[in-house]
Each structure stands twice: as C-alpha cells, then as structure tokens.
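> The structure that follows is given in the form of structure tokens.
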Amino acid sequence: MRSTAENGSPALDYFTFSSSIADYLKSASLEISHAGSGSIFETLRLGKPLIVVVNEDLMDNHQSELAEELAERKHLYCARPQTLCKTILEMDPQSLVPYQPDDAKPVAKLINRYLGFPED
C-alpha cells in the first residue's frame, strides 16, 4: 500500500508480507523492518538506512541480540514498538556506518556463541 499525507510528508509504502521486497528496498529512502536476519542483511547490503523493530514476544529472542549488536556497530537503529516514533524523530542517517559483507564474521561468532557452538 502507498500512503501520502496531505501535508507533503513523504510517501509511505507498507505491507505485512511480500514474497520479494527487492524493488521496495531499492526505491526506499528509509527501511523500517522486523529484526529478521534476512531482512536486515538484504537492506544493509543495499546501503539503505534501517530501523529494525524487535519482536519481544519471541522465546529465545535472537532477533534482539543481532539487532542490538548491529546497532552498537552503528550499521542500523534498533527500536521496540514503544520506541519507534522516538527513534525516527531522533535518528541521524548520516551517522550510520556502511555495512561491509566481510563484517559478518564477528556477527556469526556472536550467533555461534549464543547457540552454544565452540569458538574457534
């Protein structure tokens, strides 16, 4: 769906599910997404500013750990549903550090540690 406010605010595309979000991501100036790893890394590879909203109802909440680690590295912003508006108002997309694909090793190490796999 596309929504445009009459006051000249930016257009907003939103949907609950899409089998391919590639075209949406390419044209977006800001992506707000759930904190699933596929959505995160697809957006970061395109160099788009990203706010991930963590689903706190998940049992092991691996989304939270991944999102918070990438936010700490300044690749994205991490929000909760109750902090999303504040995050949007206070964010500075220029402060984000571009994600480099070779940066995945520390993230993979964090995930492996969380899952209980031995560290190399």
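> Output wanted: per-residue J couplings in Hz (rounded whole) for the stretch 44-53, from phi through Karplus 6.51 cos²θ - 1.76 cosθ + 1.60, θ = phi - 60°, x for Gly and Pro.
5, 4, 7, x, 8, x, 9, 10, 9, 10
> In terms of modelled amide H atoms, which long-range or inter-chain residues lie less than 5 Å from the amide H of ASP13?
Close amide H contacts, sequence-distant or interchain: SER3.
> Which of SER64, LEU30, CYS85 sits closest to the plus end of the dipole of the chain, meaning its Cα is farthest towards the positive end, when Lys and Arg get +1 and Asp and Glu get -1 on the C-beta?
Towards the positive end, the residue furthest out is LEU30.
> Rounded to the nearest 500, what is the chain's calculated 222 nm mean residue ellipticity when only DSSP H runs of at least 4 contribute -39500 (n - 2.57) each, over all residues?
-10500 deg cm²/dmol, from helical runs alone.
> Still on this model: Which of the trypsin sites (Lys or Arg not before Pro) found in the stretch 43-120 are in a DSSP loop and have at most 12 neighbouring Cβ atoms, other than their own, within 10 Å?
On the way: sites: ARG45, ARG73, LYS74, LYS86, LYS109, ARG113; in loops: ARG73, LYS74.
For trypsin sites (Lys or Arg not before Pro) across the stretch 43-120 that sit outside H, G, I, E and B with at most 12 neighbouring Cβ atoms in 10 Å, the list reads LYS74.
> Relative contact order, percent, of the stretch 12-120 when contacts are C-alpha pairs under 8 Å separated by at least 6 residues?
Details: 114 pairs, mean separation 21.9, N = 109.
It rounds to 20 percent for the stretch 12-120.
> If you line up the Cα atoms of the chain on their principal axes, what length do they span on each, largest first, in Å?
So the three principal-axis extents are 55, 31, 30 Å.
> Pull up all non-local amide H partners of ILE51: gap of 5 or more, or a different chain, and H-to-H distance under 5 Å with H placed in the peptide plane.
GLU31, ILE32, SER33, TYR77
> At a Förster distance of 25 Å, what's the computed FRET efficiency of TYR14 paired with ARG45, Cβ-Cβ distance as r, to 0.05? If you can, show how the numbers build up before the last one.
Numbers: r = 22 Å, r/R0 = 0.87.
With a Förster radius of 25 Å, E is 0.70.
Every read-out reported here was derived from the displayed coordinates using simple, explicitly stated rules and does not represent laboratory data. From a predicted model like this one, the values you see are computed outputs, not experimental measurements. Positions of Cβ are backbone-derived with ideal geometry, glycine not excepted, and every protein chain shown enters the neighbour counts.
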